[in-house]
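Worksheet: one structure, shown below.
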Amino acid sequence: MSRPTDPVLYSFRRCPYAMRARLALAVSSTRHVLREVKLSAKPPSLLDASPKGTVPVLVLPDGAVIDQSLDIMRWALAKSDPEGWLPRADGELIARADTGFKHDLDRYKYPQRHGADPTVHRALGAEFLRVLERRLEGAEQLDGPARGMTDAAIMPFVRQFAAVEPDWFVAQPLPRVRAWLQGHVGSELFAAVMVRHAPWMPESEPVVVGGR
């Protein structure tokens, strides 16, 4: 049963931005109400909270709205950070993933939508993956021996990139990136945030997630 003190997260299971927000909420054990959104039929309450209409959107009990995924991550981890994710947050690397790499990912995955040559953007995306490969030479994670915010923020986008052409990805000289990605995708934390839920309707029973 939900409580008046529970924040509400509007999310879409496969969205990498929503995915990283859910990872931070999960690792921080932040209790919240999850509302899975059908992107072709966005609920009015989502649009009232954030007219831009994208996910994730976190509505706090006092009505305040956080509608940027990294801000949701920081908010959750500021409340509770048992694994010390916040100190392992490389803003420059995350920004590079969110700009150039995401630009190339979109044009690699959806070339017709963008009028792009997918092979060009695959090659450009692979340059970023080689940056990660070099970064992982000295540690299992992007900011040291343990997972942190940098890993959680970037991994969902690398996962999406790898899924476009799995055979091509496996054939690339990126063994550390593949091991890193598999470690995150195969983790209990990732499994917990990827549970399937039916799209939320106003009459739906609340889906309460997290909490101790």
- Roughly speaking, what is the centre-to-centre gap between segment 54-99 and segment 121-136 when only Cα atoms are used, to the nearest Å? 24
- Message: Are there any GluC sites (Glu not before Pro) in segment 121-169 that are in a DSSP loop and have at most 10 other Cβ atoms within 10 Å? List them by number.
- Response: 137
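Taking the Cα centre of segment 91-190 as the origin, how large is its charge dipole in debye, to the nearest 20, when only Lys and Arg (+1) and Asp and Glu (-1) carry charge on their Cβ atoms? Provide the component values of the computation, followed by the final result.
Details: 13 positive and 14 negative charges, 30 e Å.
Charge dipole of segment 91-190: 140 debye, to the nearest 20.
Please sort by residue number the trypsin sites (Lys or Arg not before Pro) in segment 79-152 whose DSSP state is loop and whose Cβ has at most 14 other Cβ atoms within 10 Å. Each step should come with its number before you reach the end.
Details: sites: 79, 88, 96, 102, 107, 109, 113, 122, 130, 134, 135, 147; in loops: 88, 147.
Hits after loop and neighbour filter: nothing returned.
How much net charge surrounds residue 34 when only other residues with a Cβ under 11 Å from its Cβ are counted (Lys, Arg +1; Asp, Glu -1)? Intermediate results must be reported in sequence, preceding the final value.
Working: positive: 13, 22, 31, 35; negative: 6, 36.
Summing Lys and Arg as +1 and Asp and Glu as -1 gives +2.
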- Would you mind getting me the FRET efficiency between residue 60 and residue 113? Use the beta-carbon distance for r and R0 = 30 Å, nearest 0.05. 0.30
- Message: Run the helix sum for the chain: -39,500 (n - 2.57) per DSSP H stretch of 4+ residues, divided by residue count, reported at 222 nm to the nearest 500 deg cm²/dmol.
- Response: -14000 deg cm²/dmol
- Task: Please get the size of the charge dipole for the chain, origin at its Cα centre, with Cβ charges of +1 on Lys and Arg and -1 on Asp and Glu, quoted in debye to the nearest 20.
- Result: 260
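Please state, to two decimals, what the Cα-based radius of gyration of the chain comes to when divided by 2.2 N^0.38 Å (N = residues). Spell out each step's value before the answer.
Values: Rg = 17.5 Å, N = 212, 2.2 N^0.38 = 16.8 Å.
Normalised Rg, Cα atoms only: 1.04.
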- Nearest 10 degrees, 0 to 90: helix 69-79 Cα axis against the chain principal axis: 60
- Task: Please name which of 185, 163, 145 has its Cα lying farthest along the dipole of segment 91-190 towards the positive end, using unit charges on Cβ (Lys, Arg +1; Asp, Glu -1) and the Cα centre as origin.
- Result: 163
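Compute the Cα gyration tensor for segment 91-190, then decide on rounded, prolate or oblate, letting a ≥ b ≥ c be the square roots of its eigenvalues: rounded whenever a/c is under 1.5, prolate when a/b is larger than b/c in the other cases, and oblate in all that remain. Don't jump to the answer; show the numbers that get you there.
On the way: a/c = 1.80, a/b = 1.61, b/c = 1.12.
Prolate is the answer for segment 91-190, as a/c is 1.5 or above and a/b outweighs b/c.
FYI, it's all coordinate maths here, none of it is from the lab. This structure is a prediction, so every number in the text was calculated from the model and none was measured. We place every Cβ from the backbone using ideal geometry, glycine too, and count neighbours over all the protein chains shown.
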